[in-house]
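For reference, the structure discussed in these notes is given below.
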Amino acid sequence: MSDSKENKSALNVMKGTSQPSPINEEAANKIRSHKARLLTTKEYLNGIFSGNRTILSKAITLIESNLPAHKVKAQEIIGECLKQAAVSPSGICPPAQGIRIGITGVPGVGKSTFIEAIGNYLTSIGHKVAVLAIDPSSSRSKGSILGDKTRMEELAIDPSAFIRPSPSAGSIGGVARKTRETIILCEAAGFDVIFVETVGVGQSETAVHGMVDFFLLLLLAGAGDELQGIKRGIIEMADLLLINKADGDNIRKTLLAKTEYSNALHLFPPSDSGWIPCVDTCSSLTKEGISSIWDRILEYRKFAEKNGYFCKKRMEQNRQIFYESIEETLKSNFFSRKDLSQQLKKLELEIISGKMNPYVAAHRLLGEYFH
């Protein structure tokens, strides 16, 4: 068969045009190089001080990292941010520019919905709001959903708001391990209202009280949690008891619960600040009572600043950071020691098999560490 006939044959397959790669290699290389390059301390600080939320997020990721190189840079960043709110040489506490508010309550009480409602109100009157949402971590997989942005859809796209979900990672008290440092970075970025939304697991959730200025306890009416509300573990620390979901058919139950909680408050001694906690109601859906809650917070701040408690508590928070930093550094250094890792595994196996007393094993290993 001639060449011309072969070319005209139906069995002959014509070469088609090759399809382009679905990946833009040029863009991918830029992303890879950007991820590989760690920003300098100056670049981080410039981004934070200018209110760049992307760099702020990267800085928070940096301080949450356990890598030694990241820890050194994180301490430099935190140190520079703290200089903005440093105590004067005379020991006089400078006036704080913002306020830190802790939000706690049982799961399902509506913490995220409430924060979005009051957050939208605050941004509408000129405030910059940061929300540090703590999600519980699985004890098995160690993972967290980190879905708070999906529950705060409006606030998440607000240019005057910043939402940062973080895993609790097994930390006690319903707060993330680096929540204190994250608060410092957010304030340096210009956010004057910081909300710390905690896991909401009950009375053990008290660590947040030691890192905020105002502690708000959210409650539900008619949900069988009245006894939980008057337990000393939380009620003594709350600066405001707020009964949420006061709308629709639930209004009557809410007013009844308000009376019960108000009566219960008289059973407790006055707080260290001298502030007398009260009970309010609100609806995060209808926004009823949201503005008055903010007025209540401002009233507390004015009261605490006047009697010196506001500054005293800030200094107490710094003292707590001092001790926590020591504990964190010792713990990290202990478990990163390569010369102890083999002994640690060996002693762990002996403890599991019942050959070694756990107290004796711990004492022996600590003796090796300190010597």
Which translational diffusion coefficient, to the nearest whole µm²/s, is obtained for segment 316-370 from the Stokes-Einstein equation, given a Kirkwood hydrodynamic radius over C-alpha pairs, 25 °C and 0.890 mPa s?
194
Per residue of segment 323-333, what does 6.51 cos²θ - 1.76 cosθ + 1.60 with θ = phi - 60° give for ³J(HN,Hα)? Whole Hz please, x for Gly and Pro, Karplus curve as stated.
6, 5, 5, 5, 4, 5, 5, 5, 5, 5, 5
Once both label points are put 7 Å beyond Cα along the C-beta direction, the N307-E328 separation in nm becomes 3.2
Each label point is 7 Å from the Cα along the Cα-to-Cβ direction; what then is the distance between the points at L267 and D339, in nm?
5.7
Between E80 and S353, what FRET efficiency comes out of the Förster formula 1/(1 + (r/R0)^6) with R0 = 41 Å and r the beta carbon distance, rounded to 0.05?
0.25
Please list, in chain and number order, the residues 5+ apart from S166 or on another chain whose amide H is under 5 Å from its amide H, with Hs placed from the backbone.
A133, I134, D135
List the trypsin sites (Lys or Arg not before Pro) within segment 274-323 that DSSP assigns to loop and that have no more than 14 neighbouring Cβ atoms inside 10 Å.
K287
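Take the Cα radius of gyration of segment 229-337 and divide it by 2.2 N^0.38 Å, with N its residue count; two decimals is plenty.
Numbers: Rg = 18.9 Å, N = 109, 2.2 N^0.38 = 13.1 Å.
Taking N as the residue count of segment 229-337, the ratio is 1.44.
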Between S291 and A69, what is the FRET efficiency for a Förster distance of 30 Å, r being their Cβ-Cβ separation, to the nearest 0.05?
0.05
From the phi angles alone, apply the Karplus equation (6.51, -1.76, 1.60; θ = phi - 60°) to segment 151-165 and give each ³J(HN,Hα) in whole Hz, x where the residue is Gly or Pro.
8, 10, 4, 5, 5, 5, 9, 6, x, 9, 10, 9, 10, 10, x
Once you have the Cα-Cα distance between I276 and R252, take 0.36 nm times their residue separation minus that, and quote the gain in nm to one decimal.
6.1 nm
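Taking the Cβ of each residue in R364, R151 as the centre, tally the other Cβ atoms inside 10 Å and list the residues starting with the fewest. Write down the numbers at each step before the final one.
On the way: R364 14, R151 18.
Going from least to most buried by this count: R364, R151.
No lab work stands behind these numbers, since they all come straight from the coordinates. Nothing here was measured: the structure is a model prediction, and the numbers come from that model. Ideal geometry is used to build each Cβ from the backbone, glycine not excepted, and the neighbour counts take in all protein chains shown.
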